[in-house]
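Working notes for the structure below.
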Amino acid sequence: MCGIAGIIQFEDKTPQETGLRNMMQKMKHRGPDDDGVFIEDKVGLGFVRLSIIDLTPDGHQPMFSADARYVLVFNGEIFNYVELREELSQKGVVFKTKTDTEVLLNSYIYWGEECMHHFNGMWAFAIYDRTNKSVFASRDRFGIKPFYYLHTDTFFAFCSEIPPLLTLLQAKPTPNYQSIFDYLAFSRTDQNENTFFSEIKKLQHGCKLRVTDNRLNIEKWYNLKERVANTEVFNDPEEYRDLLASAIRLRLRSDVPVGVCLSGGLDSSSIVSVLLKDFNKTDLNTFSAVYEDGQFGDEKRFIHEYKPVLKNMHYTSPSAVTLQNDLHHFVKAHAEPLPSTSPYAQYKVMELAKGNVVVTLDGQGADEKLAGYHYFFGFYFKDLLRSARIGRLSGEVYHYMTKHRSLYGLKAFIYFLLPENSRTSLRVDEKGYMDSAFVDRYSKSNGIAGQLYGSKTLKDSLLDHFENKLEHLLKWEDINSMHFSLEARVPFLDYRLVEKTLASSDNWSIRNGITKYILREAMKGTLPEKIRMRQDKMGFGTPQDEWFREPAWQKIITDLLMSDSFRERGIINSNTALSKYKDHLDGKANIAKEIWKWIHLELWFREFID
């Protein structure tokens, strides 16, 4: 697990080592154990290393092929590298190290670009062909590892994080206002190749690029919909259980300690329970965010189900005070605005894990493939209505209302039935604080209302979430973990498990008002019943509504909303925002999520743009 960087000049000159070193220094937290640089002709590659597999100097990068033709920089892990090394060895390939890096490089040499279909892992890598003078780069199927780039008339540069790329700009960066609109209106980011910076793009998940003769070519190498259409389904929950255990087993491969980020929810708890039952990991370290009894986000009653069987359970308690103290560092670390404080809870969990382990396992991805979010009921009801399964629809609505006693699923159902432009207008009107000229300019070109919220069936909605929604969660996890020099692994995103789950019947996702049905069935006898059958959905939630009523935060927020810079941006109406904040303080509304978006957006402007 590491950070990678590169500069490819289009003019007849060599990249400066100082520029490359500056980029590497800005992300040294990603790789405190080692670093390396390669510069030749028009190409410069940089690397910072966090040692995970084969801790010896054999893992040093940039790594050269045996004939020195190819040079590789690689961030991530190829979890099935042991099997691939054995397969390639039988074909006559000779290995000098025990690293997955060498397996990746030799796989590319042997299979070419098809090598990516052999990998089970997470990655962003670049390979320079010194003979053909071309650079090939690839990003993993679902976007677990990042790959940002800057493409100008004179050079192409890439990096694992955004701030190092900003050092290469000749002028101040400019904001991408479409990304800002989508963020404010829909609380969504990362649904396409754009970032919050107009100059910086990202290579989309499942995509590859090649730079040859000053030309950049980007193509998709992995098509999830095609793979799902040609994958066999799960016949029973036991099959799911076996494949999940296989995914977890692969992600235990490490030469450093492994722990689990335990939220108390179904997904992370399933990982812990499989580790206990299948692998007898009673010495496992777990890391959790907890709050005062009764506060939103507190899940001690579920986390403590493991107290009798786990020896090393660690806790952190994010608060209004810690958020205030960490605010500058948190904003700077993420480099782009976040739509809630939930990633801050994860940030504190990763801070807690540092010093105890180097690798964490996390439950990310299960919600997207198993309809874990409650608004998926809206997609499911829409699917049943469109396919004229009226009896099933009435039954599912009844079960939903009985089990959840909430109108949220029905509201989502109605919302998803609306025309695309109405979905956007409703979100804008609901917020009520955005400047009208800003809305007029950017509300017609967003892709969220159509692509993400326009899915016709439940299965389509799950596929669309993998394409347009999942990545921001993976980005936040990567930044939170790597900021503290940790590697985060996500077993639920083993591509075998994803493809087979999405290929299977909708009946395995939602049934009788219950989400993640097949996972719950698969975990019978493994997971504590209290967790297995819980129906609420929290993740790393925080009591942010209470935090923003604290006196210290009242001053921070009021000063920010009344500042000249906030008023003059032409994005948010300051007076309306102040009025809405007063309603929040008076308990007439809970708009903590919107308040946080105002805070983070303004602080981002001040840190990176102004």
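The values are calculated or read from the model by the stated rules, or taken from the named source; none is laboratory data. If you're wondering where the values come from, they're calculated on a predicted model, not measured in any experiment. Ideal geometry is used to build each Cβ from the backbone, glycine not excepted, and the neighbour counts take in all protein chains shown.
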If a residue has to be among the polar types (S, T, N, Q) and part of a helix (DSSP H, G or I) to count, how many in segment 107-148 make the cut? 1
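Considering only segment 399-470, give the helices (runs of 4 or more DSSP H) lying wholly within it that have at least 3 residues that are free of Cβ contacts under 8 Å to residues at least 12 places away in the same chain and not aromatic (F, W, Y).
Where helices (runs of 4 or more DSSP H) fall fully within segment 399-470 and carry at least 3 residues being free of Cβ contacts under 8 Å to residues at least 12 places away in the same chain and not aromatic (F, W, Y), they are 420-431.
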Can you list residue pairs whose Cβ atoms sit under 8 Å apart, with the first residue in segment 155-176 being without any contact (Cβ under 8 Å) to a residue 60 or more places away in the chain and the second being in a loop (DSSP other than H, G, I, E, B) and of a type outside the set (K, R)? Count only pairs 6 or more apart in sequence or on different chains. L169/E199; N176/T195; N176/F196; N176/S198
Is there a residue in segment 86-101 that is buried (at least 17 other Cβ atoms within 10 Å of the Cβ), free of Cβ contacts under 8 Å to residues at least 40 places away in the same chain and more than 26 Å from the chain's Cα centre (by Cα)? yes
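For segment 449-482, give me the residue count where each residue is β-branched (V, I, T) and not assigned by TED's automatic domain parsing to the domain that holds E499. Even if it seems obvious, please write down each step before you answer.
Kept after step one, since they are β-branched (V, I, T), are these residues of segment 449-482: 457, 479.
Going one step further and asking which of them are not assigned by TED's automatic domain parsing to the domain that holds E499, we end up with 457.
Residues in segment 449-482 being β-branched (V, I, T) and not assigned by TED's automatic domain parsing to the domain that holds E499: 1 in total.
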Within segment 1-28, how many residues are surrounded by fewer than 17 Cβ atoms within 10 Å (Cβ to Cβ) and within 17 Å of T167 (Cα to Cα)? 7
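Sort through T18, T14 and tell me the only one that's within 23 Å of L216 (Cβ to Cβ), polar (S, T, N, Q) and assigned by TED's automatic domain parsing to the domain that holds I127. Lay out the reasoning, then the answer.
On the way: T18 fails: within 23 Å of L216 (Cβ to Cβ).
T14 is the lone residue from the list that is within 23 Å of L216 (Cβ to Cβ), polar (S, T, N, Q) and assigned by TED's automatic domain parsing to the domain that holds I127.
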Failed item in (1) at pLDDT below 95; (2) of a type outside the set (A, V, I, L, M, F, W, C); (3) surrounded by fewer than 20 Cβ atoms within 10 Å (Cβ to Cβ), with G297 passing the rest: (3)
Quick one: in segment 518-565, which of the residues that are surrounded by fewer than 19 Cβ atoms within 10 Å (Cβ to Cβ) and of a type in the set (V, I, T) is nearest to H600 (Cα to Cα)? I556
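Taking the options K201, K225, name whichever one is outside any loop (DSSP other than H, G, I, E, B) and over 12 Å from Y148 (Cα atoms).
Details: K201 fails: over 12 Å from Y148 (Cα atoms).
The match here is K225.
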Between G432, G525, which is of a type in the set (G, A, S), at pLDDT 90 or above and under 30 Å from S574 (Cβ atoms)? G432
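Can you list the helices (runs of 4 or more DSSP H) found entirely within segment 498-610 that contain at least 2 residues being among the acidic types (D, E)?
Working: elements: 517-522, 529-532, 544-547, 551-562, 564-568, 574-585, 592-604.
In segment 498-610, the matching helices (runs of 4 or more DSSP H) lie at 544-547, 564-568, 592-604.
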Considering (1) closer than 26 Å to N468 by Cβ; (2) touching a helix residue (DSSP H, G or I) at 6+ places or on another chain (Cβ under 6 Å), say which one K411 fails and leave the rest. (2)
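Residues checked against (1) within 28 Å of F142 (Cβ to Cβ); (2) of a type outside the set (A, V, I, L, M); (3) at pLDDT below 95:
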{"position": "R30", "(1), (2), (3)": "yes, yes, no"}
{"position": "R69", "(1), (2), (3)": "no, yes, no"}
{"position": "F79", "(1), (2), (3)": "yes, yes, no"}
{"position": "E83", "(1), (2), (3)": "yes, yes, no"}
{"position": "S107", "(1), (2), (3)": "yes, yes, no"}
{"position": "M116", "(1), (2), (3)": "yes, no, no"}
Does segment 295-305 include one or more residues that are touching a residue at least 40 places away in the same chain (Cβ under 8 Å), assigned to a helix (DSSP H, G or I) and within 24 Å of the chain's Cα centre (by Cα)? yes
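Please pick out the residue among Y315, Y291 that is of a type in the set (S, T, Y) and loosely packed, with under 15 Cβ neighbours inside 10 Å. If you could, list the steps in order and put the result at the bottom.
Numbers: Y291 fails: loosely packed, with under 15 Cβ neighbours inside 10 Å.
Exactly one of Y315, Y291 is of a type in the set (S, T, Y) and loosely packed, with under 15 Cβ neighbours inside 10 Å, namely Y315.
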Of all residues in segment 353-398 being part of a strand (DSSP E or B) and not basic (K, R), the one that is nearest to T501 (Cα to Cα): L361
For residues that are closer than 19 Å to M350 by Cβ and polar (S, T, N, Q), scanning just segment 263-279, find the one that is surrounded by the most Cβ atoms within 10 Å (Cβ to Cβ). S269
Determine the pairs where a residue that is in the same structural domain as Y177 (by TED's automatic domain parsing) and under 14 Å from A126 (Cα atoms), located within segment 188-211, has a partner that is of a type in the set (G, A, S) and buried (at least 19 other Cβ atoms within 10 Å of the Cβ) with Cβ atoms under 7 Å apart, the partner being 6 or more residues away or on another chain. L203/A137; K208/A137; K208/S138; L209/A137
In the set V48, V43, the lone residue that is crowded, with 16+ Cβ neighbours inside 10 Å and over 30 Å from K354 (Cα atoms) is V43
Would you point out the residue of segment 346-380, among those that are under 15 Å from the mean Cα position of the chain (by Cα) and among the hydrophobic types (A, V, I, L, M, F, W, C), that is surrounded by the fewest Cβ atoms within 10 Å (Cβ to Cβ)? M350
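Somewhere in segment 220-238, is a residue under 26 Å from K133 (Cβ atoms) and in contact (Cβ under 8 Å) with a residue 12 or more places away in the chain? Give the steps one after another, and end with the answer.
To start, the set of residues in segment 220-238 that are under 26 Å from K133 (Cβ atoms) comprises 220-221.
Cutting the leftovers down to in contact (Cβ under 8 Å) with a residue 12 or more places away in the chain gives us 220-221.
For segment 220-238, residues under 26 Å from K133 (Cβ atoms) and in contact (Cβ under 8 Å) with a residue 12 or more places away in the chain: present.
Kindly indicate which of M24, M63 is in contact (Cβ under 8 Å) with a residue 24 or more places away in the chain and out of contact with any Leu (no Cβ under 9 Å at 6 or more places or on another chain). Even if it seems obvious, please write down each step before you answer.
On the way: M63 fails: out of contact with any Leu (no Cβ under 9 Å at 6 or more places or on another chain).
The conditions single out M24.
Report yes if L244 is surrounded by 15 or more Cβ atoms within 10 Å (Cβ to Cβ), within 22 Å of L84 (Cβ to Cβ), of a type in the set (A, V, I, L, M) and outside the structural domain of D140 (by TED's automatic domain parsing), otherwise no. Can you show your working first?
Values: surrounded by 15 or more Cβ atoms within 10 Å (Cβ to Cβ): yes; within 22 Å of L84 (Cβ to Cβ): yes; of a type in the set (A, V, I, L, M): yes; outside the structural domain of D140 (by TED's automatic domain parsing): yes.
For L244, the condition - surrounded by 15 or more Cβ atoms within 10 Å (Cβ to Cβ), within 22 Å of L84 (Cβ to Cβ), of a type in the set (A, V, I, L, M) and outside the structural domain of D140 (by TED's automatic domain parsing) - is met.
I need the full set of residues from segment 273-286 which are outside any loop (DSSP other than H, G, I, E, B) and out of contact with any Gly (no Cβ under 6 Å at 6 or more places or on another chain), in order please. Don't jump to the end; show me each part of the working.
Of all residues in segment 273-286, those outside any loop (DSSP other than H, G, I, E, B) come to 273-279, 285-286.
Answer for segment 273-286, where residues must be outside any loop (DSSP other than H, G, I, E, B) and out of contact with any Gly (no Cβ under 6 Å at 6 or more places or on another chain): S273, V274, L275, L276, K277, D278, F279, T286.
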If you go through segment 191-200, how many residues are modelled with pLDDT of 95 or more and crowded, with 20+ Cβ neighbours inside 10 Å? 4
Could you list, ordered by first residue, the pairs with Cβ atoms under 8 Å in which the first is in segment 550-575 and under 23 Å from F181 (Cα atoms) and the second is loosely packed, with under 12 Cβ neighbours inside 10 Å, at least 6 apart or interchain? S565/D610; G570/A437
